[in-house]
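These notes are about the structure you will find just below.
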Amino acid sequence: MEYSFYDLLKLLGSLALFLYGMKIMSEGLQKFAGDRLRKILTVMTTNRVTGVLTGMLITALVQSSSATTVMVVSFVNAGLLTLSQSISVIMGANIGTTVTAWIISALGFQVDISAFALPLLAFGVPLLFSQRSSRKSVGEFIFGFSFLFMGLSMLQVNAPNLEENPEMLAFVQNYTDMGFGSVLLFVAIGTILTMIVQASSATMAITLIMCANGWISFELGAALVLGENIGTTITANLAALTGNTQARRAALAHLVFNVFGVIWVLCLFPFFTGAVSWFVENIMGVTEMSVAVPFKLSAFHTAFNVCNVLVLIWFVRFIERTVCVIIPQREQDEEYRLRFITGGMLSTSELSILQASKEIHLFAERTHRMFGMVRDLLHTEKDDDFNKLFSRVEKYENISDSMELEIANYLNKVSEGRLSSESKLQIRSMLREVTEIESIGDSCYNLARTINRKRQSDEDFTPAQYEHIHTMMKLVDDALAQMITLVEHSEHPQDVDVNKSFNLENEINNYRNQLKNQNIISVNNKEYSYQMGVYYMDIIAECEKLGDYVVNVVEAGSDTKERKAS
């Protein structure tokens, strides 16, 4: 078999298409289906068992565990699935792929999703050029989905075709008499083969050919199958290359799950293969060697994955902790997750209010962190660093929008319960706090965009302008810190002096007015251009507006203080 440099380039191009499809699909999902799809997936994965069943169902429908795990990684990347939910779905996908093998063996048909990828693009093009953002997001999802599966199909097509050239693997019969060493060697060969051909089904076919030709025994064929289960995880890990920390963790969890499974099966390998042989020969009644070996390998594959899930489904949290240790959270990849509010309410509405209050405090801290990024953005020189920081501010703005929506929905549900009149008023104040905190996030994003526009011009602020911006931002930062202190002590508002916040707001307003008047004089004196004056005053005015939102949050908290005092 010849494999030229041109073939290698085609393989790398297929990988590029696959990764780009993963990125576009994930972004389209995040923009369009965030809340609705998250709710659907949450219902489908409420516990480990339903998660496993969901993975089995999806894999049985798309007839590819690789496709399922790649989609799961994209869902995690888009924030639609949590890491623990994704692990249970991946477990189900491992069982689902064995069901697919039996269906193909019995009925002889298989769904080729890549065949639908190209026609789907015809539907995606009009949506991609739509003026409505929701339709455009659907178009992006369709394009990403199509590219993903076209890339996956082309990866398999452009991989070295070992299935039609099995004689290349005839050398392995020289290593079949090394005892348990041969088993370990064939696990490694199965892993590498699957990573090369990018399809566990193709590796399974190669295994059957090798067994049929008498090169290896059923036991060594089973070792190849174990290796295939490790090798097939490469697809999800490739997809996660363009993803965030959680996506990479989900892909790694797939690998860890299969590696753990292979380790415990290897410890019981003679007993496990013996049990499968006995089952096929005595229960299924298949004794003819040419027929028995394929049945034994299929039965072994199914038994391995089913038993692995039954054993490791109790260790989902352990697997989650393991991958979190291996891949630590990077600050710039912080994921949107409500920390204190869970799917359902607590036993009483009063306790639910307490949890919502903690979540609002976390929300306020995130917007303060976002403002800190904006201050850093002002003096970030390198283009790459600037773009990364700007993207992070943009991501925090999306996080802010999602947090506002989910906390507000939660508070509305709580308000439907039996509450005291004071608690109902408290919820009203908390809803106002959430709205104003989200507005702070919007202001931070507006500041970042103004800084970005200024950066794209050929001019820069004067030292005096920078000094004034620093002073204004320091006042706003102090106001935000005071606001967070008030939100943190919402249960004991008497511990916080709200007058400090009002005094800071007065300082911000007075300073804005002073700078506004000074700006007119400076532009007239040609100290800087009119355009630089516009950018400069946009930043100052947005800071003042941000200060107004801070005071609104403080006033909402003050209402709580007055009610508790009365």
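The values are calculated or read from the model by the stated rules, or taken from the named source; none is laboratory data. As the structure is a computational prediction, the values presented were derived from the model and not from experiment. Note: ideal-geometry Cβ built from the backbone for every residue, glycine included; neighbour counts use all protein chains shown. Note: areas computed on protein heavy atoms with side chains; ligands, DNA, RNA excluded. Shrake-Rupley method; radii C 1.70, N 1.55, O 1.52, S 1.80 Å.
Observations on the model:
- Highest-first arrangement of 137-144, 88-95, 233-240, 320-327, where packing means the average Cβ count within 10 Å: 88-95, 233-240, 137-144, 320-327
- Flagged links, alpha-carbon separation over 25 Å, of K136/K454; K10/K395; K358/K395; K23/K413; K382/K454; K382/K545: K136/K454; K10/K395; K23/K413; K382/K545
- If you take the alpha carbon atoms of segment 362-437 and fit the smallest convex hull around them, that volume is 69 Å³ per residue.
- Accessible surface, 1.4 Å probe, highest first, among residues D376, D385: D376, D385
- Long-range amide H partners of L81 with built H, under 5 Å: V76
- On full extension, the segment bounded by S134 and L9 gains 41.4 nm, given 0.36 nm per residue less the C-alpha separation.
- Y466 accessible area, assembled protein chains, probe 1.4 Å, Å²: 40 Å²
- Take K382: with every protein chain present and a 1.4 Å probe, its accessible area is about 140 Å².
- Sorting W314, W215, W278 by accessible area puts them as W314, W278, W215; the probe is 1.4 Å, largest comes first, and only protein heavy atoms count.
- Largest first, the residues T97, T69, T242 sort by 1.4 Å accessible area into T242, T97, T69.
- The HN-Hα couplings worked out from phi for segment 48-55 by the Karplus form 6.51 cos²θ - 1.76 cosθ + 1.60 (θ = phi - 60°) are 5, 5, 5, x, 4, 4, 4, x Hz, whole numbers, x standing for Gly and Pro.
- Across segment 450-465, coupling constants 3J(HN,Hα) worked out from phi with the 6.51/-1.76/1.60 Karplus curve, θ = phi - 60°, read 5, 4, 5, 5, 4, 5, 6, 7, 8, 9, 9, 5, 6, x, 5, 5 Hz, and Gly and Pro carry x.
- Farthest towards the positive end of the charge dipole of segment 382-505, among the residues S400, L419, H468, is the Cα of L419, using unit charges on the Cβ of Lys, Arg, Asp and Glu.
- Simple label model, 7 Å out from Cα along Cβ direction - Q329 to T435, nm: 3.0 nm
- Cα→Cβ-extended label distance, 7 Å offset, between H489 and F502, nm: 1.7 nm
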